[in-house]
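What follows is a single structure, written as structure tokens, with notes after it.
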Amino acid sequence: MRTEIELLIDQTSEPPPASAEDSARAKPEGNTDGDLMDAYSRAVIAAAEKVSPSVVYIEVQHPSRSRRGNAPREVRGSGSGFIFTPDGFILTNSHVVHGAKIIEVTVADGHKYQAELIGDDIDTDLAVIRINAPNLVPAHLGEAHKIRVGQLVLAIGNPYGFQYSVTAGVVSALGRSLRAQSGRLMDAVIQTDAALNPGNSGGPLVNSHGEVIGVNTAMILPARGISFATSIDTAKFVASRLIRDGKVSRSYVGLAGQNVPLPRRIVRYYDLPVENGILIVSFEEKSPARKGGAREGDIIVSFEDHPTAGIDDLHKLLTEDRIGQESSLVVIRGAEKLRMKVIPEETQSSSAK
């Protein structure tokens, strides 16, 4: 078979016209653009048909405060979700259903059902709701470690209320971080160029085998072709906690801080592994950190012997396992390096601090 360079050289030399038999030999069957597009289309169609019966349309009503004596109005919203168990559990985004007074779900056959909020976690923008309906088709959940940059993905949802809209693209990047509404950083986020529109939130991100590998969560409005999905591994963990406990437990030390650079002389003198720390700006009432001896103006550089160059590092360490456990906190106070003991407590809301 001739190379592209040889063909290009021949074209510039203006060879005599090839016969029909020669043309057939020059383009082996199965390698034409049409065949490639047919294979692409078949992959998209097969994946969409496999997952679409599990995708649902979610409508919500939020209570609204009255203004100037007017009667209160119901604020409506919508989004997407997908069934992941035969008994009616549905995954969606927290921002779709958080604080909703009424949640209604329309399934693939057009029937509408009242849904119950099982729990939502604004730190990962995930929520689980449940409906009581017959003959539900759960989506097959994939595995995040098998995702590769460049692989084909589909975003399925209900943008603007149109059911089962499908957009295709590729995984653009893995391991992205995205700021949740609570202020925490969501890790292991999937970046894709599959188009998302309002109403796609909470819908599945699907691979070519029809397996859900992420939950569509956000798009960057000023940019085109940049969308994000929460990893399915994160979604599995959060969903299991929400079903079991109705919440995701995290610990907190009760302080507000900001990231600041450390003086070079302090870094060198104490041989610190970080050049930045967390300046304590204020404390909550009955703050575990204040009880442990921390003061405003201290700069946190380590928690449980893990360097903390910023508030996100501290958030990652404040897990459920640390609730009620005595933990070491290292701070720089003036020119002193101090180690103190704090006992993190469980957050009282879904937003950990």
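The values are calculated or read from the model by the stated rules, or taken from the named source; none is laboratory data. Source: prediction; values computed, not measured. Positions of Cβ are backbone-derived with ideal geometry, glycine not excepted, and every protein chain shown enters the neighbour counts. Side chains included, ligands, DNA and RNA excluded: accessible areas come from the protein's heavy atoms. Shrake-Rupley method; radii C 1.70, N 1.55, O 1.52, S 1.80 Å.
Numerical summary
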read-out: Any hit, the range 188-210, residues being at pLDDT 85 or above, hydroxyl-bearing (S, T, Y) and surrounded by fewer than 22 Cβ atoms within 10 Å (Cβ to Cβ); value: yes
read-out: Residue that is farthest from R322 (Cα to Cα), among those in the range 246-255 that are under 25 Å from the mean Cα position of the chain (by Cα) and part of a strand (DSSP E or B); value: Y252
read-out: Verdict on S328 being loosely packed, with under 15 Cβ neighbours inside 10 Å, modelled with pLDDT of 95 or more and not charged (D, E, K, R); value: yes
read-out: Looking only at the range 227-236, and only at residues there that are open to solvent by less than 50 Å² (accessible area, probe 1.4 Å) and either farther than 23 Å from E346 by Cα or not aliphatic (A, V, I, L, M) (or both), the one that is modelled with the lowest pLDDT; value: S227
read-out: Set R339, R244, R322, R333: member being open to solvent by 70 Å² or more (accessible area, probe 1.4 Å) and over 30 Å from I83 (Cβ atoms); value: R339
read-out: Residue in the range 258-279 that is of a type outside the set (V, I, T), within 27 Å of D125 (Cα to Cα) and open to solvent by 30 Å² or more (accessible area, probe 1.4 Å) present; value: yes
read-out: Count - residues of the range 141-158 that are surrounded by 16 or more Cβ atoms within 10 Å (Cβ to Cβ) and within 21 Å of F84 (Cβ to Cβ); value: 10
read-out: Any chance A239 is outside any strand (DSSP E or B), open to solvent by less than 10 Å² (accessible area, probe 1.4 Å), touching a strand residue (DSSP E or B) at 6+ places or on another chain (Cβ under 9 Å) and among the hydrophobic types (A, V, I, L, M, F, W, C); value: yes
read-out: Matching residues in the range 176-187 - criterion: being small (G, A, S) and either part of a loop (DSSP other than H, G, I, E, B) or at pLDDT 85 or above (or both); value: A180, S182, G183
read-out: Among residues of the range 297-310, those that are in contact with a strand residue (DSSP E or B) (Cβ under 9 Å, 6 or more places away or on another chain), farther than 13 Å from V342 by Cβ and open to solvent by 40 Å² or more (accessible area, probe 1.4 Å), counted; value: 3
read-out: Complete set of residues in the range 97-136 that are more than 30 Å from R250 (Cβ to Cβ) and not in a strand (DSSP E or B); value: V107, A108, D109, G110, H111, N132, A133, P134, N135, L136
read-out: I131 vs. criteria closer than 28 Å to I103 by Cβ, among the β-branched types (V, I, T) and either over 18 Å from the mean Cα position of the chain (by Cα) or at pLDDT below 90 (or both); value: yes
read-out: Pairs where the first residue, in the range 117-133, is without any contact (Cβ under 8 Å) to a residue 60 or more places away in the chain and at negative phi and the second is among the polar types (S, T, N, Q) and part of a loop (DSSP other than H, G, I, E, B), C-beta under 9 Å, 6+ apart; value: R130/T85
read-out: Members of the range 191-207 that are more than 15 Å from T92 (Cβ to Cβ), outside any loop (DSSP other than H, G, I, E, B) and out of contact with any Ser or Thr (no Cβ under 6 Å at 6 or more places or on another chain); value: V206, N207
read-out: Near pairs, Cβ below 6 angstrom, 6+ apart or cross-chain, from the range 77-105 (surrounded by fewer than 22 Cβ atoms within 10 Å (Cβ to Cβ)) to any residue that is in a loop (DSSP other than H, G, I, E, B) and among the aromatic types (F, W, Y); value: none
read-out: Checklist (1) open to solvent by less than 30 Å² (accessible area, probe 1.4 Å); (2) at pLDDT 95 or above; (3) not in a loop (DSSP other than H, G, I, E, B) applied to A294, failing item; value: (3)
read-out: Within the range 333-347, tally of residues that are in contact (Cβ under 8 Å) with a residue 60 or more places away in the chain, out of contact with any helix residue (DSSP H, G or I) (no Cβ under 6 Å at 6 or more places or on another chain) and of a type in the set (A, V, I, L, M, F, W, C); value: 1
